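Accompanying notes for the structure given below.
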Amino acid sequence: MYELKTTLVKKLLILSAAFTFSAVSASAGDWHFSAEPLFGVRYGTLGEYVYTPDTSGSYQKLSELDWDMKPVWYYGGKASFGWRGISLSGYAAGSIPGRTGSMYDSDWQNITINGDADTKTNYSISENTLTSSYKLGADVSYTFYLDKYVSVQAIAAVDYMYTKMEARNGYGWYADAARLGTSVGYSYDSDNAIYFSSGELRGVDYTREDMLTWIGVTNIITPFRQFTGTLSFFVSPYAYIQSIDCHYGNGSNNYYIDIMSGFCSAYKFETAGAYNFTKNFSLRLTVSWIFSGIIKGEDYYSTSQSGPWTKVSDVRSGADFNYGEASISVRYNPSF
């Protein structure tokens, strides 16, 4: 009887150990992790706007500055971990300083004189240089596995981008009434315009922070083991942009802080393809297009970067963005 009990206990211990090992193995297999260094390029424009009331009181565009990112090279890394269908990921990327195209500055100075919002009175072009930029982001997602070839992810994400640029060596054409001493301004490309050669115009600095929330969906297809493709669409429920614009003057500088926010005003399309060398390593190419409408807000003025700041009551600020990104990365998925 004792031997029977001992044998039974041994069998139960063996079965229990086997069950425990199986459970641990299944649990470990449910967890997933990946890490990937990346290198990429950004190409497009950041827009800066000023609006003021015309003679009828309607807000019209007084000024537009288009800051090139043509191109901006960046490098960084991304990591992701999760359990079963749930994933949490984050990334960080820094940009390489250097020339990024031009900054185009346009004014419609007749708006406050006669309500003319069509005649561009001033136009200048400056050399644009990126002095500092980085981008951070995180997302949480849940994957629905439809079959072994197709799955769908629901995603909520947030991105933050810091950009600092300098516009120098500008040249341009000015035909506003104040500069010409006339009752009304003329078109910048008319014979009345005054031309300033490269280096005669004062420089402009632009520092900007973009914070975007996203919700979206990603379709994932794996037609065969060596390849995975994705197609994504995102909309931004809330976007917040803050910028500091410094216009250097003769003996004094003018600083402007613009604070803008908007709802459902930005969008992102993204597609990616990955070649899976093994179950642990893959080479990934990602292309995205990120753009927005003009997001409007308030404008504040100071003659010092440290303030004090005065709200400009009759002016509204605006900002937008329109750029593409392409990156290449190597993803490592360790086995658990």
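The values are calculated or read from the model by the stated rules, or taken from the named source; none is laboratory data. Please read these numbers as outputs of a predicted model, since none were measured by experiment. Using ideal geometry, Cβ is built from the backbone for each residue, glycine included, and neighbour counts are taken over all protein chains shown. These accessible areas exclude ligands, DNA and RNA; they are computed on the full protein's heavy atoms, side chains included. Shrake-Rupley method; radii C 1.70, N 1.55, O 1.52, S 1.80 Å.
Along the axis of the charge dipole computed for the chain (Cβ charges of +1 for Lys and Arg, -1 for Asp and Glu, origin at the Cα centre), the listed residues Met165, Phe281, Gly47 are led at the positive end by Phe281.
Using the Stokes-Einstein relation with a Kirkwood hydrodynamic radius computed over Cα pairs, the translational diffusion coefficient of region 35-93 at 37 °C and a viscosity of 0.692 mPa s comes to 213 µm²/s. Against the chain, whose longest principal axis comes from its Cα atoms, helix 2-30 is set at around 20 degrees. In the full protein context, region 105-173 carries 46 Å² of accessible surface per residue, based on a 1.4 Å probe and ignoring ligands, DNA and RNA. Across the protein chains, with a 1.4 Å probe defining accessible surface, the residues Ile113, Ile125 rank Ile113, Ile125 from largest area downward.
For region 81-181, the list of chymotrypsin sites (Phe, Trp or Tyr not before Pro) that fall in a loop by DSSP and count at most 12 other C-beta atoms within 10 angstrom reads Tyr149. With 29 Å as the limit, the listed pairs Lys78/Lys311; Lys70/Lys279; Lys120/Lys268; Lys70/Lys311; Lys61/Lys268 have Lys78/Lys311; Lys70/Lys279; Lys120/Lys268; Lys70/Lys311 beyond it between alpha carbons. In this structure region 246-336 gives 53 Å² per residue of accessible area when probed at 1.4 Å with all protein chains present. Rounded, prolate or oblate: which fits region 287-336, taking a ≥ b ≥ c as square roots of the Cα gyration tensor eigenvalues, rounded meaning a/c under 1.5, else prolate when a/b beats b/c? The shape class here is prolate. When every Cα-Cα distance of the chain is counted in 10 angstrom steps from zero, the calculated P(r) takes the values 5, 20, 25, 18, 12, 9, 5, 2, 2, 1, 1, 0 percent. In the context of the full set of protein chains, residues of region 27-66 present 43 Å² of accessible surface per residue (probe radius 1.4 Å, heavy atoms only). Rolling a 1.4 Å probe over the protein chains gives Arg99 an accessible area of about 130 Å². Taking amide hydrogens as placed 1.01 Å from N in the peptide plane, the amide H of Gly203 sits under 5 Å from those of Tyr248, each at least 5 positions away in sequence or on another chain. Electrostatic tally near Phe233: other residues with Cβ closer than 10 Å to its Cβ, Lys and Arg +1, Asp and Glu -1, net 0. What share of Cα pairs, in percent, lie more than 21 angstrom apart in region 96-191? Distances greater than 21 Å cover 61 percent of the Cα pairs. Surface composition of the chain: carbon plus sulfur atoms contribute 60% of the solvent-accessible area (1.4 Å probe, protein chains only, all chains present). The listed peptides 205-212, 262-269, 218-225, ordered by packing as a protection proxy, come out as 205-212, 262-269, 218-225 (highest mean of other Cβ atoms within 10 Å first). Within a straight-line Cα-Cα reach of under 15 Å, Lys135 can be paired with the following aspartates and glutamates, leaving aside sequence neighbours fewer than 8 residues apart in one chain: Asp159, Glu209, Asp210, Glu325. Across region 29-133, Cα-Cα pairs farther apart than 18 Å form 65% of the total. Taking Ala274, Ala178, Ala93 in turn, the Gaussian network model of the chain (Cα-Cα springs below 10 Å) assigns the largest fluctuation to Ala178. Measuring nothing but how far apart in sequence close Cα pairs (under 8 Å, 6+ apart) lie, relative to its length, region 197-336 scores a relative contact order of 21 percent. Dividing the mean sequence gap of close Cα pairs (under 8 Å, 6+ apart) by how many residues the chain holds gives a relative contact order of 16 percent. Taken over region 138-290, the alpha-carbon convex hull comes to 196 cubic angstrom per residue.
Listed by chain and number, the aspartates and glutamates whose alpha-carbon sits under 18 Å from that of Lys148, ignoring those within fewer than 8 places in the same chain, are Asp30. For region 32-48, backbone phi angles converted through the Karplus equation (6.51, -1.76, 1.60; θ = phi - 60°) give residue-by-residue couplings of 9, 8, 8, 9, 8, x, 9, 9, x, 9, 10, 9, x, 9, 9, x, 10 Hz, Gly and Pro being listed as x.
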